[in-house]
1. Extending each Cα 7 Å along its Cβ direction at R554 and Q329, get the distance between those two points in nm, one decimal.
2. What is the dipole size for the chain, taken about its Cα centre, with +1 at each Lys and Arg Cβ and -1 at each Asp and Glu Cβ, in debye to the nearest 20?
3. Report the accessible area of F339, computed with a 1.4 Å probe over the heavy atoms of all protein chains in place, in Å² rounded to the nearest 10.
4. Sketch the reach of a paramagnetic label on Y527 as a point 7 Å from Cα along Cα-to-Cβ, and name the residues of segment 480-509 whose backbone nitrogen lies under 14 Å away.
5. Within 10 Å, count the other beta carbons around each residue, average over each peptide in 142-154, 171-183, 512-524, and list them highest first.
6. Would you mind computing, in nm to one decimal, how far apart the modelled labels at L464 and S571 are, each placed 7 Å from Cα along Cα→Cβ?
7. Answer with one residue from A119, L92, L196: the one whose Cα lies farthest towards the positive end of the charge dipole of the chain, charges on Cβ with Lys, Arg +1 and Asp, Glu -1.
8. Relative contact order for segment 340-412: what percent, with Cα pairs under 8 Å and sequence separation of 6 or more?
Amino acid sequence: MFFQFMIGFTDVFVAGRIHPHLQGALGIVTQCQFFLQVFGIALVNGGLAAMSQALGAGLSLRAQRYAWLLIKAGVVFSLATLALGYVFATDLLLFLRVPQSIYDLTLELWLMQLPILPASYLAFVTMAVFRSHKIVRVPLISIVIVCLVNLVADLGLGLGWFGLPRLGAVGIVISSIISVSCGGFFNLAVLIRKGLLGIAGFAPLRWEKRAIGYVVKVALPAGGTQLLWHFGYLVLFLITNTLPRDSVVAVNGLTAGLRVEGLLFLPAMAFSFTGSILVGHCLGAGDAAEAKRVGLRVTGVGAAAMSLLALGVFPFISGIMAFVSPDLQVQKVAESYIFYNLLAMPFSVVSMTMSGLFSGAGATVYSLAAFSIGTWMVRLPLAWYMGHVVWESASGIFLAMLVSQVVQAGLSMYLFLFRDWSRFASTARRMARPARRDTLKGQKMSYVNNGYTPVSFEDMPRYLEILGKNRSRASDYSFANLWGWSTHYSLEWRFDGPLCWIRQKRPLQCNWAPVGPWDEVADWGIYPEMAAGARFIRVPGRLCETWAEAFADRIVVEEDRDQWDYIYLASELCSLSGNRFHKKKNLLRQFMKTYAYEYKSLSEEDVGAVLDMQAEWCRWRDCESSEALLAENDAVARVLVAWNRIPGLCGGIIRIDNIPVAYTLAESLSEDTLVIHFEKAANDIKGGYQAINYLFCNDAGKNFTYINREQDLGDEGLRQAKVSYNPVDFTRKCSVLVL
């Protein structure tokens, strides 16, 4: 950030040595340039949120696709804004009421400076990619290169140093274009070399059409914020240009003050960027509470540090401004600007950091609200009144800026503390939410710990040993299922002799069936879980019968059809032969005839691709509107991220044009039974579900006798789909109440 400041400072420093009027003209041109860059800044906000959340969720391929998408969009927008800049050049300067004494110089400088826009877009878009990956070294090298090239070119071509021709204002423009281009292309080359941008990141058009939706969702409010913010600064220049007296001096002083302000706010910008990235990664990992804690810590540290910096700068204001500008009148105005700026420092830091936090969460609409109110409802009306009516000087404008920062900071903090900004995030893993209310009714049970601990990998070997002695094909009790859904149901277990007792703490507190050799239990009454009032769900039918014999009229058993597992013959799913599978076979043939597909067994290297596809599938199905789909989305991610730690996992993936379009995730339940936990196919790929089922069954399923495709949860559409594959049996389950 220091080197970023030095680039702008060098331009102003050299301009002041060429001619005092050039400083004011350069300030107006720079602000106009910022105004045209709002599209790029909006893209960066949207892209940074998407990339940070994707990386936090382990979706590296998705992050790479977003990076390419940003670069492509940056090229388009930069060319569009370049054209707009040329077409409306005179209109913009006339609107700003640029003083006649510097109008011609400002117009000439503006037309020469416009070609820098494409290079600027490339530079800050590529910087955003590095930031999303938490890579700071390369951007530092890049900005040092830009700074050094700009310094040498400014002094050489602007002032005629180093034996170079003295070109004046033209030299400043040339140095800016050359230096920024060097930085942008350096970033692009390093991204490609490091593999952060590669051929794999080129997504098909259909993916980009879907992906651009989230970027636009974040970018539109961010773009609106930047548009209103920078347009507000243009209006501020307009108010300054039309002051009753000494308007040219005021503009020059404002320009010099803005450059020094840029140095003072470098740490604040660093806090903003850091907060944005950290919040994005926390939300990508599904931890909104941690995101909030991180955001408050970053904001607090930033405000405290910048307040101390402001106190240290106060005694040196006059000396600093004397170095920046040799004109005494300009120095005086600039000193006034910095004075009010230092008073506003804590509030400005809070506003900037909060804006970064909202950006990382994708909640840029909150930044839009805070900045719009602060700028357009407070700053500009008050600046005109204080500057033109009350004080009739630039100091009135600067006071208005202080007041607006106080309002803006307060509103931003309120929104961060009391509004659900985490809901704007788009990730593969979401906050834990209950998937559905189970059928068992009644009052909640009160639990004490009694030796229960959360489902964990530490106790997994012991559990798998017990599970191997369990005579049931119920999918609920496989370790992958317990682990995948453990956060949503807050699952815990307790080991007692030959059994493992399992319970859930939300959304309804109740027990699951114990796992182990049920026939070896001589007296079920010795277990505290079987006390009066105990409630059980997902109990396999065979255990229901055992308990009915053991407890007679002390228990109530209720059949739970929605939880029945569907059992199929693997041989039938591998062949799809006979009239019963005629429709399935037709859809499968259409798929194989239409698409040049590639199927392979799922391995660790495919985990990222499956997470990417699951995130896209969730977007297609609008998971945001369904608690059940959000819960399943979380379970998929938990199982995939733990791919190497869960024994017996297997799966398959289908790609078309190297893009995942279908996958299945399964687990060995016993020697003769394979359970399909998750199966997804792209909505626009006809026959995708039939294809992934068939190909996987002929790959891993052929080694088993039975395939368990889990329950239908009472969903009629899902029940029809499962019935259409002709199950040969069910794993019946019931709910139980101990009286």
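The values are calculated or read from the model by the stated rules, or taken from the named source; none is laboratory data. Note that the structure is predicted; figures quoted are calculated from it, not measured. Cβ coordinates were reconstructed from backbone atoms using ideal geometry, including for glycine residues, and neighbour counts include every protein chain displayed. Side chains included, ligands, DNA and RNA excluded: accessible areas come from the protein's heavy atoms. Shrake-Rupley method; radii C 1.70, N 1.55, O 1.52, S 1.80 Å.
1. 10.0
2. 720
3. So the heavy atoms of F339 present about 90 Å² to solvent.
4. 493-504
5. 171-183, 142-154, 512-524
6. Each label point lies 7 Å from its Cα, and together they span 3.0 nm.
7. Of A119, L92, L196, it is L92.
8. 46
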